[in-house]
Amino acid sequence: MSDAVALAHPNFALSKYWGKRAGPGNFPAVPSLSVTLAGFATRTSVRFDESYSGDDVVLDGQEAAGRPRERVVALLDRVRRAAGDERRARVVSTNDLPAASGLASSASGFAALAVAAVRAAGLDWDAARVSDLARRSSASAARSVFGGFVELEAGPLDVTEDVLLAARPIAPGEHLPLCVLVAITSERAKAVGSTEGMRRTMDRSPFAGAWLEQAPKLHAQLREALLSRDFIRVGELTEASTLAMHASAIAAGVIYWNGATLAAIDAVRALRDGGLAAYLTIDAGPHVKVLVRPADADPVESALRAAPGVLRVVRGHAGEGARIIREEGAP
Ligand code: PMV
């Protein structure tokens, strides 16, 4: 028997990844840049044991089946192949955020799973190799392996399964202090997962080409604004990336927003009209994340709480990368 427990935080993209390269390996079609967020976490334990007859996957207290289970088993299979280990595993994972609702639980989930599975299998891999493993399950998860501000390049045009592509940290969280207020607008899992949402956008959106052309430019500008610690420009470009991504998805009928999402967007715009530097970002779900300077967090939090339909508001700030929290054999 060998086991390990890992913790990972979600991350929110400032410049968004939306769209995959054709071909195998789950390579993103555009570069992305994110901030890893402490304040929320996934904890995952992986135990390989020769007495198990099959893989057992428990997600948030429920036995997983179907696609969610298959995605976990696919990662375990990669680890088993690399380690020459045939043992089956038991995986137990808990989130302190609603899962599968666009709050980046797949990012923290697969980052924690990758870190725990690699350690439990006894593989001596560096963080880049672990990030590449996580990327194969969920590209955003590659970024949660690292803390602070993290970049993931687009995959090469001619992808093959064996190409390695890992995220890399570009600046620690202290580089640009910010607070993220997450306005939760639904407790339900989203109807269209990000893989399917991306596929529909690429297949059906009249604006897919415009997004694929625009995203790398926004990314390069955002990277530069971040490196020069320009909070306002980072905020403006983050919002621009979100709106361009969602515009391309919406034109394909992929609408992640609900009424409360729009109310929160309105609240952010009103705050800005009142002189507050608050900028929104939205992922593949209905929640609105608002970037503010730490000193501006209180009034922005109150305004979001008052937006009709917003259920609650939680705060996050830049955090560390995924890590082992309990070693093999420890009680
Ligand atoms: O890695 P996935 O499949 O969870 O896709 C993430 C897509 C977005 O969250 C919308 C954007 C991003 O870059 O995180």
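Key figures for this structure:
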item	result
Residue that is surrounded by the most Cβ atoms within 10 Å (Cβ to Cβ), among those in region 235-256 that are more than 15 Å from the ligand (Cβ to nearest atom) and on the phi < 0 side of the Ramachandran plot	Gly235
Filter result (of a type in the set (A, V, I, L, M, F, W, C), open to solvent by 80 Å² or more (accessible area, probe 1.4 Å) and modelled with pLDDT of 95 or more) within region 152-210	Leu164, Phe207
Any chance Ser45 is of a type in the set (S, T, N, Q), open to solvent by 20 Å² or more (accessible area, probe 1.4 Å), part of a strand (DSSP E or B) and more than 15 Å from the ligand (Cβ to nearest atom)	yes
Checklist (1) more than 30 Å from Ala244 (Cα to Cα); (2) within 16 Å of the ligand (Cβ to nearest atom) applied to Ala89, failing item	(2)
Some residue of region 17-27 being in contact with a Ser or Thr (Cβ under 9 Å, 6 or more places away or on another chain), modelled with pLDDT of 95 or more, open to solvent by less than 10 Å² (accessible area, probe 1.4 Å) and within 16 Å of the ligand (Cβ to nearest atom)	yes
Some residue of region 185-195 being assigned to a helix (DSSP H, G or I) and outside the structural domain of Asp132 (by TED's automatic domain parsing)	yes
Residue in region 51-71 that is modelled with pLDDT of 95 or more, open to solvent by less than 70 Å² (accessible area, probe 1.4 Å) and of a type in the set (S, T, N, Q) present	no
One residue from Ala6, Ala13 being within 25 Å of Phe149 (Cβ to Cβ), assigned to a strand (DSSP E or B), more than 13 Å from the ligand (Cβ to nearest atom) and among the small types (Gly, Ala, Ser)	Ala6
Qualifying residue in region 265-276 (condition: modelled with pLDDT of 95 or more, under 18 Å from Ser140 (Cα atoms) and more than 12 Å from the ligand (Cβ to nearest atom))	no
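Here is a yes/no grid of residues against (1) basic (Lys, Arg); (2) within 16 Å of the ligand (Cβ to nearest atom):
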residue	(1), (2)
Arg136	yes, yes
Arg143	yes, yes
Thr160	no, no
Pro172	no, no
Val180	no, yes
Ser205	no, yes
Ala215	no, yes
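The values are calculated or read from the model by the stated rules, or taken from the named source; none is laboratory data. All values derive from a computational prediction rather than experimental measurement. Neighbour counts run over all protein chains shown; Cβ positions are idealised from the backbone, glycine included. Quick note on the areas: whole protein, heavy atoms, side chains included, nothing else; ligands and nucleic acids left out. Shrake-Rupley method; radii C 1.70, N 1.55, O 1.52, S 1.80 Å.
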